[in-house]
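S.K.: Mind looking over this structure? Questions follow.
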Amino acid sequence: MAAVIGAHGLKGEVKVKAFTDAADSLKRYERLHARDGRVFTVQRLTPTKAGEANVAFAEVLDRSTAEGLKGLELFVARAALPGTAEDEFYHADLVGLTAMDGEDRAIGTVKAIHNYGAGDVIEIARADGDTVLLPFARDFVPVVDIANARIVVAVPEEVEAGEKGTVE
C-alpha cells in the first residue's frame, strides 16, 4: 500500500509514498503491516504532494524511530481490501501466475507489475533466467485467469524466436 520515504518533523511522523489511487485513501485502513510482522496504527494522515502523505503512527513517538523506518514497505490484510471490478486486479493476485502463450505453452511466471509513468508493465520471468517486459494491456495480455493461476500472453516474435534480452 505504501513505503516510508523518510521522517517528518520531530514527533515521529513519517513521509510515505502511497501506491493507491490517492494517498488519503490510506486513512481507511486503521492498521498497516510490515513484512516482519510489526503493525502500525494510523493516528493521523495528511496528504502532501501527489501520491505522498505525512503519517503519525501510534507506535512511533520520536524522530529517531521514524528515521529507522525509511524504506519500510507497508501492507494491509487482504480481507481489508475492497473487491475488484471485472478486469481489475491487485498486483499480488498476478504475481506468481503462469504466463502461457496462445497455444497453451508455458513461457514463464509473472514476477512483478511495474508502472514507470506510461501505464502498467508486466514482468515475466522465463525458465532460462531471462525476463520479458510487456505492456499490461489487453492487446498483450488478453486473458487473466486468476482461478486457474494463469495468464495468456500475446507473445511478440522476439520472444517466440527465443532471443535473449528484454522485450520493450
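A short reminder: the numbers here are calculations on the coordinates, not readings from a lab. Not measured: the values here are computed from a predicted model. As a convention, Cβ positions derive from the backbone with ideal geometry for all residues, glycine included, and neighbour counts pool all protein chains shown.
S.K.: Any chance you could run the full-extension gain for Asn148 through Glu67? It's 0.36 nm times the residue separation minus the Cα-Cα distance, nm to one decimal. Don't jump to the answer; show the numbers that get you there.
M.R.: Working: separation 81, 0.36 × 81 = 29.16 nm, distance 4.26 nm.
Full extension of this stretch gives 24.9 nm more.
S.K.: Right, another one. I'd like to know which of Ala92, Tyr116, Ala66 lies farthest towards the positive end of the charge dipole of region 38-118, counting +1 on Cβ of Lys and Arg and -1 on Cβ of Asp and Glu.
M.R.: Final value for the positive-end residue is Ala66.
S.K.: Do the alpha carbons of any pairs in Lys49/Lys111; Lys27/Lys111; Lys17/Lys49 sit beyond 21 Å of each other, and which pairs?
M.R.: On the way: Lys49/Lys111 30 Å; Lys27/Lys111 29 Å; Lys17/Lys49 10 Å.
Check vs 21 Å cut-off fails for Lys49/Lys111; Lys27/Lys111.
S.K.: Just check the chain against the gyration tensor rule for me: Cα atoms, a ≥ b ≥ c as the square roots of the eigenvalues, rounded for a/c under 1.5, and otherwise prolate or oblate depending on whether a/b exceeds b/c.
M.R.: Working: a/c = 2.70, a/b = 2.28, b/c = 1.18.
Here the chain falls in the prolate category.
S.K.: Can you show me the helix-derived [θ] at 222 nm for the chain, built from DSSP H runs with n ≥ 4 at -39,500 (n - 2.57) apiece and divided by the number of residues, rounded to the nearest 500.
M.R.: Taking each H run of at least 4 residues, the total per residue is -1000 deg cm²/dmol.
S.K.: A further question on this structure: Simple spin-label model, 7 Å along Cα-to-Cβ: Asn115 to Thr98 in nm?
M.R.: It is 3.0 nm.
S.K.: Using 0.36 nm per residue of separation minus the Cα-Cα distance, give me the extension gain between Thr41 and Thr131 in nm, one decimal. Please report the intermediate quantities before stating the final value.
M.R.: Numbers: separation 90, 0.36 × 90 = 32.40 nm, distance 3.77 nm.
28.6 nm is the gain from fully extending Thr41 to Thr131.
S.K.: Shifting gears a bit: I'd like the projected area of region 1-92, averaged over all directions, using the convex hull of its alpha carbons. Report it in nm² with one decimal.
M.R.: On the way: hull surface 23.5 nm².
Dividing the Cα hull surface by four gives the mean projection, 5.9 nm².
S.K.: Further question on the same structure: R0 = 22 Å: FRET efficiency of Ala85 with Ala106, Cβ-based, nearest 0.05?
M.R.: Details: r = 28 Å, r/R0 = 1.29.
E(calc), rounded to 0.05, equals 0.20.
S.K.: Here's a follow-up. With all distinct Cα pairs included, what does the Kirkwood hydrodynamic radius of region 40-124 come out to in Å, to one decimal, could you say? Write out the running numbers ahead of the final one.
M.R.: Working: mean 1/r = 0.0605 Å⁻¹.
It works out to 16.5 Å.
S.K.: Can I ask one more? To the nearest 20 debye, what is the magnitude of the charge dipole of region 91-160 about its Cα centre, counting +1 on the Cβ of each Lys and Arg and -1 on the Cβ of each Asp and Glu?
M.R.: Details: 5 positive and 13 negative charges, 54 e Å.
In total the dipole reaches around 260 debye.
S.K.: Another question, if that's okay. What FRET efficiency would be calculated for the residue pair Leu10, Phe140, taking the C-beta separation as r and a Förster radius of 41 Å, to the nearest 0.05?
M.R.: Values: r = 49 Å, r/R0 = 1.18.
After rounding to 0.05, the efficiency reads 0.25.
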